[in-house]
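Okay, structure first, notes after.
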Amino acid sequence: MSKHLLEVKDLYVSFDTYAGEVQAVRGVDFTLDGGETLAIVGESGCGKSVTVQTIMKLNPEPPSRIKGGSILYRGEELINKTNREMQAYRGKEFSMIFQDSMTSLNPTMRVGRQISEAILKHRKMDRKEAKKLAVEMLAKVGLPNPDKCYRQYPHTLSGGMRQRVMIAMALSCEPAILLADEPTTALDVTTQAQILELMKEIKERTGTSIILITHNLGVVSRMADRIAIMYAGKIVERGLPDDIFYRPKHPYTWGLLGSMPDMSLRTDRKLTSIPGTPPDLFAPPEGCAFASRCPYCMHVCLKHEPPVFDMSEEHQSACWLIDSRAEMVVPPLGEDKTLRVKGRGGHVV
Amino acid sequence: MLSEQILEVKNLKKYFDVGPRQVLKAVDDISFSIKRGSTLGLVGESGCGKTTVGRTLVSLYEADGGEIIFDGKDIMSANKKELKQLTRRMQMIYQDPYASLNPFFTVGEIISEGLIIHKIGANKKERMEIVYELLELVGLHREHANRFPHEFSGGQRQRVGIARSLAVEPEFIVCDEAISALDVSIQAQIVNLLVDFQDKMGLTYLFIAHDLSMVRYISDRTAVMYLGKLVELGDGDEVYSHPVHPYTQGLLSAVPIADPRRERSHKVQLLEGEVQSPINPKPGCRFFKRCPKATGICSEVTPELIDVGSGHMAACHNID
Ligand SMILES: Nc1ncnc2c1ncn2[C@@H]1O[C@H](COP(=O)(O)OP(=O)(O)OP(=O)(O)O)[C@@H](O)[C@H]1O
Ligand SMILES: Nc1ncnc2c1ncn2[C@@H]1O[C@H](COP(=O)(O)OP(=O)(O)OP(=O)(O)O)[C@@H](O)[C@H]1O
Ligand code: SF4
Ligand SMILES: [Mg+2]
Ligand SMILES: [Mg+2]
């Protein structure tokens with residue numbers, strides 16, 4: 001039996017479209033333990049949402065198709081479970097905060113009712129208790145007038161308010177694993193701080209584990225126990241926050257960390273970004289998927305996929321530069337090896 | 001003659017009726033102007049009315065009061081023909097790329113729609129060339145033109161939205177959370193792109209976002225809103241380096257730091273206290289129940305925006 005709460009092994013997911021097969025997830029591995037927060041960061045379109053939605057089997061098949069791999073939850077294989085069997089897990093075991101709050105709330109139903117229905121389905125409560133909890137949760141995510149909000153329809157709420165409704169709904173079921181896909185991207189930083197605090201509090205109180213997808217490296221710094229960096233359907237680097245921020249090994253990670261705006265360069269109106277575009281997932285390249293954009297690309301990178309190298313038990317990276325035969329590359333790091341990251345992002349005060 | 005301000009907003013109001021005798025004052029008497037070729041950053045609590053400001057500016061909502069003067073013309077008194085002209089010149093990139101792209105059209109059709117409406121490009125072939133160019137400009141592939149919105153990731157859809165608004169060569173763009181769904185590298189790419197267009201074609205932006213480091217980077221001037229009101233406004237770095245409104249101060253302290261070691265010791269000042277409702281708001285400062293500096297007057301008198309030095313404005317009774 002697996003010693004992890006959740007273990008995803010060698011997961012492959014594709015979409016069959018008119019134009020061909022989109023290989024969205026191509027061999028993803030990760031584990032999640034009880035009470036831990038794993039942050040998944042990566043290029044837009046690299047397969048983060050598809051990966052977590054596959055865990056809950058939320059991608060309709062077709063067009064999506066799980067081509068291989070294994071998803072063990074408390075040692076039990078989920079990969080072959082039917083949609084119906086998965087119902088038993090949704091809400092109570094896994095709960096999801098979607099990236100697109102507008103399309104995931106039912107537009108014809110008042111938001112409060114949507115929350116209390118979810119509670120009734122997954123927790124042993126009667127209608128009155130469920131309603132009380134729903135209003136409580138709406139207040140906890142910082143919505144003004146929770147009673148009034150309970151009776152509103154989604155379209156009358158702002159983007160951030162709808163997102164908070166979604167968060168209230170997901171957290172009210174106290175799941176074992178919370179899958180949070182960009183939960184706070186639509187929120188201002190004070191509300192974000194409040195929600196992140198709430199997620200931490202629930203995690204501490206109930207031992208909920210969290211998979212957090214976010215583009216915001218500040219949020220990653222605040223929340224993550226471990227970090228996985230994804231690129232073109234694969235995890236290219238993973239490690240503890242200190243590994244990723246202070247000793248990153250993958251050129252994509254370097255590019256990502258280097259793209260954050262540097263406040264001190266305000267007058268110089270150019271931000272660094274990674275040149276080029278990610279590979280076409282209809283026909284992913286045979287070597288390293290990052291090769292075409294990588295300033296350090298070597299001959300081997302074009303032909304052979306880089307294996308996963310272990311820097312430590314926690315820190316792995318899939319890049320040929322780590323191979324002992326490769327030439328030493330000095331990463332574009334600052335003096336103090338903190339990759340000009342230090343003092344960025346949040347030092348506004 | 002070209003006036004220096006491309007957009008002047010005076011006492012703008014947008015109210016929603018949300019129930020019997022219940023008026024939600026989403027935008028309540030705000031005034032600002034934007035210089036031609038510059039960027040005004042707009043930040044504030046979610047639900048404070050930023051999108052409503054943007055939508056009212058580009059005539060998606062009808063204002064309930066005030067004036068919007070675009071390039072010398074009063075939008076609210078424009079006739080149908082003038083309005084069509086104006087709407088080409090003013091575009092909006094939407095916050096919600098899911099809801100704003102028609103699921104039954106391919107990306108190519110979505111982007112060329114504006115081209116057809118405004119008669120840009122002689123024929124389909126020419127229009128498709130423009131579409132391909134735009135797709136590549138925003139970092140997508142030309143092959144994407146034949147795909148449908150649901151086949152894209154969140155960030156990819158957002159870039160389709162950006163390509164669509166750039167298609168009609170506008171002069172003023174409301175970027176409503178246009179980049180927050182993207183990874184930082186593409187954010188940087190798009191922001192560079194927006195800045196390039198600005199330098200080359202003199203575009204003007206209203207840049208609405210929650211990521212303060214990005215807003216700080218791109219904006220020439222920054223406005224902070226709280227529950228329908230402007231509470232602070234300043235040039236360049238003023239608002240970030242010398243925030244004077246207690247809400248702005250709280251906002252800045254909450255920004256997460258992209259550095260785990262510093263973040264571990266970062267004490268966030270959570271804004272405690274009840275969030276006031278924008279429905280039938282009472283006089284007084286709308287922030288007073290959560291404000292650490294509130295005094296008696298705050299619950300009674302609405303503070304006006306006053307100049308605290310060199311054009312830096314703030315609306316608070318207790319500025320030190
Ligand atoms: N229904 C679908 N049909 C075809 N392709 C799809 C479908 N859903 C997703 N994809 C493709 O799968 C890939 C991964 O998408 P996914 O939504 O997981 O990206 P993501 O990492 O979450 O990106 P973002 O950060 O932009 O949300 C993308 O290239 C996308 O175009
Ligand atoms: N069509 C509508 N009917 C009723 N109320 C509305 C409508 N649209 C917006 N509102 C209300 O107006 C207020 C401002 O909404 P708006 O969308 O402008 O906020 P926002 O600042 O853009 O927030 P966010 O950062 O979350 O996107 C909110 O209280 C919202 O509930
Ligand atoms: S494997 Fe090669 S191409 Fe890929 S990231 Fe490493 S150096 Fe660059
Ligand atoms: Mg996604
Ligand atoms: Mg908005």
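For every residue, the table says whether it meets (1) within 23 Å of A:ARG226 (Cβ to Cβ); (2) within 14 Å of chain B (Cβ to nearest Cβ).
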position	(1), (2)
A:HIS4	yes, no
A:ALA19	no, yes
A:ARG26	yes, no
A:GLU43	yes, yes
A:CYS46	yes, yes
A:SER49	yes, yes
A:SER64	no, yes
A:LYS67	no, no
Per the filter on the stretch A:270-284, residues away from ligand 1 (no atom under 15 Å from the Cβ) and surrounded by fewer than 17 Cβ atoms within 10 Å (Cβ to Cβ) are A:LYS270, A:PRO275, A:GLY276
Subset of the stretch B:164-189, residues within 14 Å of chain A (Cβ to nearest Cβ) and either of a type in the set (Lys, Arg) or more than 16 Å from ligand 2 (Cβ to nearest atom) (or both), comes to B:LEU182, B:ASP183, B:VAL184, B:SER185, B:ILE186, B:GLN187, B:ALA188, B:GLN189
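Being touching a strand residue (DSSP E or B) at 6+ places or on another chain (Cβ under 9 Å) and away from ligand 4 (no atom under 16 Å from the Cβ) is true for just one of B:LEU206, B:LEU193, B:LEU252. Which residue is that?
Of B:LEU206, B:LEU193, B:LEU252, the one residue that is touching a strand residue (DSSP E or B) at 6+ places or on another chain (Cβ under 9 Å) and away from ligand 4 (no atom under 16 Å from the Cβ) is B:LEU206.
For the stretch A:43-78, enumerate the residues that are without any contact (Cβ under 8 Å) to a residue 40 or more places away in the chain, part of a loop (DSSP other than H, G, I, E, B) and crowded, with 16+ Cβ neighbours inside 10 Å.
We begin by selecting, within the stretch A:43-78, every residue without any contact (Cβ under 8 Å) to a residue 40 or more places away in the chain; these are A:50, A:57-58, A:60-61, A:76-78.
Filter once more, so that each one left must be part of a loop (DSSP other than H, G, I, E, B): A:57-58, A:60-61, A:78.
Passing the criteria: A:LYS57, A:LEU58, A:LEU78.
Quick one: which residue in A:ALA170, A:ALA88, A:ALA118 is buried (at least 21 other Cβ atoms within 10 Å of the Cβ), in the same structural domain as A:MET199 (by TED's automatic domain parsing) and away from ligand 3 (no atom under 16 Å from the Cβ)? Spell out how you get there, then give the answer.
On the way: A:ALA88 fails: buried (at least 21 other Cβ atoms within 10 Å of the Cβ); A:ALA118 fails: buried (at least 21 other Cβ atoms within 10 Å of the Cβ).
Every option except A:ALA170 fails the conditions.
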When A:THR103 is run through (1) in contact with a Gly (Cβ under 8 Å, 6 or more places away or on another chain); (2) in a helix (DSSP H, G or I); (3) within 14 Å of another protein chain (Cβ to nearest Cβ), the failure sits at (1)
request  = For the stretch B:238-249, indicate whether the set of residues that are among the charged types (D, E, K, R) and touching a Ser or Thr at 6+ places or on another chain (Cβ under 6 Å) is non-empty.
outcome  = no
Selection over the stretch B:250-278 where residues are at pLDDT 85 or above and surrounded by fewer than 18 Cβ atoms within 10 Å (Cβ to Cβ) yields a count of 3
Next on the checklist: Against the condition in contact with a Lys or Arg (Cβ under 7 Å, 6 or more places away or on another chain) and within 10 Å of another protein chain (Cβ to nearest Cβ), how does B:GLY139 come out, does it pass?
Outcome noted: yes
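Quick test for you: out of B:SER310, B:SER299, pick the one residue that is at positive phi, surrounded by fewer than 23 Cβ atoms within 10 Å (Cβ to Cβ) and not aliphatic (A, V, I, L, M). Don't jump to the end; show me each part of the working.
Working: B:SER299 fails: at positive phi.
Going through B:SER310, B:SER299 in turn, just one is at positive phi, surrounded by fewer than 23 Cβ atoms within 10 Å (Cβ to Cβ) and not aliphatic (A, V, I, L, M): B:SER310.
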Among residues of the stretch B:51-109 being within 14 Å of the chain's Cα centre (by Cα) and modelled with pLDDT under 85, the residue surrounded by the fewest Cβ atoms within 10 Å (Cβ to Cβ) is B:ASP96
Tell me whether the stretch A:218-235 contains one or more residues that are hydroxyl-bearing (Ser, Thr, Tyr) and away from ligand 3 (no atom under 14 Å from the Cβ).
yes
Those residues of the stretch B:225-248 that are in contact with a Leu (Cβ under 9 Å, 6 or more places away or on another chain) and without any contact (Cβ under 8 Å) to a residue 40 or more places away in the chain come to a total of 2
Out of (1) surrounded by 17 or more Cβ atoms within 10 Å (Cβ to Cβ); (2) away from chain A (no Cβ under 14 Å), the one B:SER38 does not meet is (2)
By my count, helices (runs of 4 or more DSSP H) wholly in the stretch A:212-301 with at least 3 residues that are modelled with pLDDT of 90 or more and either more than 9 Å from chain B (Cβ to nearest Cβ) or within 16 Å of ligand 2 (Cβ to nearest atom) (or both) are A:251-258
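Go through the stretch B:38-55 and report how many residues are part of a loop (DSSP other than H, G, I, E, B) and out of contact with any Leu (no Cβ under 7 Å at 6 or more places or on another chain).
The number of residues fulfilling the criteria is 4.
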Checked the stretch B:173-190 for anything part of a loop (DSSP other than H, G, I, E, B) and either away from ligand 4 (no atom under 15 Å from the Cβ) or not polar (S, T, N, Q) (or both); matches are B:GLU177, B:ALA178, B:ILE179, B:ALA181, B:LEU182, B:ASP183
Check your understanding: Could we say that B:VAL231 is farther than 25 Å from A:LYS200 by Cα, surrounded by 21 or more Cβ atoms within 10 Å (Cβ to Cβ) and more than 11 Å from chain A (Cβ to nearest Cβ) here?
Key -> yes
Inside the stretch A:112-164, the number of residues satisfying the requirement of being among the charged types (D, E, K, R), within 10 Å of ligand 2 (Cβ to nearest atom) and more than 10 Å from chain B (Cβ to nearest Cβ) is 0
Reported set for the stretch B:269-293 where residues are farther than 18 Å from B:ALA315 by Cβ, more than 9 Å from chain A (Cβ to nearest Cβ) and not small (Gly, Ala, Ser) is B:GLU272, B:ASN280
Across (1) touching a residue at least 60 places away in the same chain (Cβ under 8 Å); (2) more than 7 Å from chain A (Cβ to nearest Cβ); (3) away from ligand 1 (no atom under 16 Å from the Cβ); (4) of a type outside the set (Lys, Arg), B:LEU251 clears everything bar (2)
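The values are calculated or read from the model by the stated rules, or taken from the named source; none is laboratory data. Nothing here was measured: the structure is a model prediction, and the numbers come from that model. Ideal geometry is used to build each Cβ from the backbone, glycine not excepted, and the neighbour counts take in all protein chains shown.
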